[in-house]
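Take a look at the structure below.
Just so it is clear, none of the values below were taken in a lab; they were calculated from the coordinates. Quick caveat, the model's predicted, so the values are computed rather than measured. Every residue, glycine among them, receives a Cβ derived from its backbone with ideal geometry; neighbour counts consider all protein chains shown.
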């Protein structure tokens, strides 16, 4: 069996190599012929027609951000991201608004005098199928940064009465975040908002890191303390997760230089000789062609998602708030590192194995031993030299998570090999530049291009801070994340 598997891999690699000339000399020229007219039209529209006929339009969205604007931005569940900070104390809403105005809204480029972040007072509109920023007719900061009362949250829930909020407790906060994340955006407001939720109870049930252990020592006194949940929501066309962290942290008095520099800094020079680096650069187009073909022909890319929900059914579920979330207790990083060291795998492989094992257990409970061989998931990953403005600067990688294999160690090693293969290939950079094609074509074409039918979902990771954070002097007890599911990709 092992020898047959090796022979199949060798034959597959040989077939990929033989396909490279076809890719370079046939597919690439055809793609160039198809997309060049759209690119020329886009340039004419942006630099000639828009300044004359649509003076209300500002900058066109970047090519990568256009991917997330191909759908109806103002429909329920549209590409939204949310981060929640549970802080100990009662921060002033007015003071927060003042800091936000000073450090974000009124911040100007010292060289040009222009606003650094005009997108915070704009929304997105389409013209001839291309997304543009447009100034809001009326901008009211108090509508964007405000308290979120329970009765308003219940309005988001709609007819699904089992999610009606009786109190904000630690057992249900993830579900409530998902409800707020999926609520529709409105055309008269920007594509970001911040909510303060003062009512938060049952802190003794919160199990997070050392800070929570300290707070849990005296449960009675914990219940007497005040805690505030701060929710930050953005549309993905506005910014990706890294950009949101970089920008919003300025207004929240959170020092994340060490974190953000990880993505802003250029990769360090490696120890390879200049000759080796030159040869790699020389053969980079061939390497990229090989990796793209390998990616497209490998069974991971061709496998259909057996759990895919149709776009019509998905929209109905979003509209009726019957999409559910699941979360686990925080996992000790030291434990993950010990497992990674013992099995000689990466930290990420252990995390992804834990997620895939949770999915596998849920499938077993639902359908017994009728498990698929594997399921595919996309991994949104940051690209070096990330801009420090509201932008999207990410790529995607596709890996398969083994499901049917009963051996947990075998599944872990399989995930590790796939992640290493992805990390050492040019696939991330190839997909990063290929995704720009969504911005070249109008939205009605981009809408079809962005439909991914072979994936059961996305696994998005964001490294947390190594030290305890505080927001405006108030210590952060817990950090939570939420994202709305994406039509056409979710199982």
(request) Calculate, in nm to one decimal, what residue 338 and residue 355 gain on full extension: separation in residues at 0.36 nm each, minus their alpha carbon distance. (result) 4.4 nm
(request) Can you tell me the FRET efficiency between residue 409 and residue 385 if r is taken as the Cβ-Cβ distance and R0 is 30 Å, rounded to the nearest 0.05? (result) 0.20
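Want the number for residue 421 to residue 55: 0.36 nm per residue separation, take away the alpha-carbon distance, what's left?
Here the segment from residue 421 to residue 55 would lengthen by 126.9 nm.
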(request) Return the distance in nm (one decimal) between the two label points of a simple spin-label model at residue 99 and residue 44, each offset 7 Å from Cα along Cα→Cβ. (result) 5.0 nm
(request) Compute the length gained on full extension between residue 189 and residue 152: take 0.36 nm times their separation in residues and subtract their Cα-Cα distance, giving the result in nm to one decimal. (result) 11.6 nm
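Could you tell me the calculated FRET efficiency between residue 373 and residue 433, based on Cβ-Cβ distance and R0 = 25 angstrom, to the nearest 0.05? Numbers along the way, then the final one.
Details: r = 31 Å, r/R0 = 1.26.
Efficiency, from the Cβ-Cβ distance: 0.20.
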(message) Cut-off is 10 Å between beta-carbons; in what order do 459, 73 appear when sorted fewest neighbours first?
(response) 459, 73
(request) Could you rank the peptides 241-252, 129-140 by their average count of other C-beta atoms within 10 Å per residue, with the highest value first? (result) 241-252, 129-140
